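Taken together, the values in this text are just the output of simple stated rules run on the coordinates, not laboratory data. Quick caveat, the model's predicted, so the values are computed rather than measured. When we count neighbours, we look across all protein chains shown, and the Cβ atoms used for this are built from the backbone with ideal geometry, even at glycine.
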There are 2 protein chains.
Amino acid sequence: MSESVVSAALLIIGNEILSGRTQDANLHFLAGRLNALGIRLLDARVVPDSEARIVEAVNELRAAYDYLFTTGGIGPTHDDITADCIAKAFGLPIAENPEARALLESYYPTGALNERRLRMARTPKGARLIENPISGAPGFQVENVFVLAGIPAVAQAMFEGLVDRLVGGRPLLSHAFDVYLPESVLAPGFEALQARFPDIEMGSYPFNRGGRFGSSLVLRSTDSDQLAQAAQGLRNLIAELGEEAVRERPPGEPEPNS
Amino acid sequence: MSESVVSAALLIIGNEILSGRTQDANLHFLAGRLNALGIRLLDARVVPDSEARIVEAVNELRAAYDYLFTTGGIGPTHDDITADCIAKAFGLPIAENPEARALLESYYPTGALNERRLRMARTPKGARLIENPISGAPGFQVENVFVLAGIPAVAQAMFEGLVDRLVGGRPLLSHAFDVYLPESVLAPGFEALQARFPDIEMGSYPFNRGGRFGSSLVLRSTDSDQLAQAAQGLRNLIAELGEEAVRERPPGEPEPNS
């Protein structure tokens, strides 16, 4: 990693992910969005609703990366312990945040803001709120830690509202080739290409489409010139092997899911 | 955690997960299957294709939990470094495994087992293979570490073939109630129920079905008697609040995804 890399980690909080009840969707969303902003997601962890585990992970990850995002555990029930854990990790008191209370007051109909919902107005002292346009109760930021909801639609809306607080580096560009050749046939030339372009991340992912096997070869770099050179090298390699890419995605087109 | 808990961790290996290219599906699968076998998944991490990161995580997790599963990075290309990293983590030499070679020879048509594919026969010395009924190249086991493919169908097939090597504890049972009440209304009674049954894991998850908001309340325990008592307490709570559960899933019925 060069010095200019802006890095992030994600901490997914919740027994329900580790029990198999709920399939996480926030990692995939944040990975794509952060990388597009020039922020490399370099670590992701899932921890249960355990104060000790959450506090330890928060302190390790916030020290190791430029940004830490957490998802989950900010609702009104007793298993929602994220705000308390963040306060503990920072050694801050936790208390009702007047701004958060005002947001809840404006969100709920008169009389509906009960004691439990008010629990969602508690933040570590000095936290900056992250608005929740979907269901009212805000997330919050303490230093480089951003605390988001677990429900994917809410986490995504919160993220879009905080993007202007993030300072990214050069975005990671990717150039991908799909080709109907097995990885094993491509591998020697692909490895030689990696040796020629050591700073470019190269990944190979096999696929099977309608019974036909092939490989997606992905080149990733923040340097568009080098990336274009490596892409030309890969185009040549595929041609030498007597094939052509069935799909080529130059930088600027988002990588599709697979 | 009582002493009788059998624990596991999952290490997901691959730049493609952290770049947003690929959505992981192995965590969700393994979480559900392990818990059904009486093995609690207590930690999951995603690391890039970095030798240092993989070796560090393998050594930390294999020491901390009864079982460690890894997914990804066992193909034929130069970005597939998992086998080498496992060998390094254990301080073992890596070499062609004759049994793995035999599996590859029987899988590929004559002449198709090229040098690159043979790379997938390399394992740390003494590793026990994990068969791959889908695409030939095996996974492997070293002590309490199980190395699986990243492709979900292959990882799942490998897992089913190694289940008889795992010794679980008492399976975690769950009893879930879906009710059209907001979490904030349920929360005080739910917290009181938790205080009455401190050994039962209780989780609350909001949902929105066709515009109607509600809560899924989930009780989890390895003790079926205590679980039944707590479930009765929750049934009473819901009735006291003037509602009834729209769906109740007693132990034995798998938890649905959400």
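A few points about this structure:
- Rounded to two decimals, the Cα radius of gyration of segment A:88-218 over 2.2 N^0.38 Å is 1.69.
- Using the alpha-carbon positions of segment B:132-197, Rg (one decimal) and Dmax (whole number) come out as 20.4, 54 Å.
- FRET E, pair residue A:143, residue B:134, Förster distance 41 Å, beta-carbon r, rounded to 0.05: 0.35
- Check: the protein assembly as shown dipole with +1 on Lys, Arg Cβ and -1 on Asp, Glu Cβ, in debye: 200
- Inter-chain Cβ neighbour average for residues A:26-34, partner chain, 10 Å: 4
- For chain B, built as a Gaussian network whose Cα springs stay under 10 Å, the top-fluctuating residue of B:223, B:164, B:84: B:164
- Convex hull of segment A:6-165 built on C-alpha atoms - directionally averaged projected area, nm²: 8.7
- In chain B, the calculated helix contribution to ellipticity at 222 nm averages -11000 deg cm²/dmol per residue, counting -39,500 (n - 2.57) for every DSSP H run with n ≥ 4.
- Distance distribution note for segment A:1-93: the fraction of Cα pairs above 17 angstrom is 51%.
- Nearest 10 degrees, 0 to 90: helix B:51-64 Cα axis against chain B principal axis: 50
- On a per residue basis, the convex hull of the C-alpha atoms belonging to segment A:173-249 measures out at 74 Å³.
- For residue A:125, inter-copy separations between label points set 7 Å beyond Cα along the Cβ vector come to 6.0 nm, shortest first.
- Most fluctuating residue given options A:154, A:246, A:142, as computed from a GNM of chain A linking Cα atoms under 10 Å: A:246
- Taking one quarter of the surface of the C-alpha convex hull of segment A:1-42 gives a mean projected area of 3.3 nm².
- Label point 7 Å beyond Cα along the C-beta direction, distances from residue A:111 to other copies (nm, shortest first): 8.3
- Per residue Cα convex hull volume in Å³ - calculated over segment A:104-153: 88
- Between 0 and 90 degrees, the angle of helix B:224-240 with respect to the longest Cα principal axis of chain B falls at about 50 degrees.
- Over the protein assembly as shown, the fraction of Cα-Cα pairs per 10 Å bin, rounded to whole percents and listed from the shortest bin up, is 4, 18, 27, 25, 16, 8, 2, 0.
- Segment B:6-165, relative contact order in percent, only Cα pairs under 8 angstrom and at least six apart counted: 23
- Across peptide A:202-209, the mean count of Cβ atoms from other chains lying within 10 Å of each residue's own Cβ comes to 6.
- Taking Cβ atoms as reference points and 13 Å as the exclusive limit, the residues near residue B:106 contribute a net charge of -1, counting Lys and Arg as +1 and Asp and Glu as -1.
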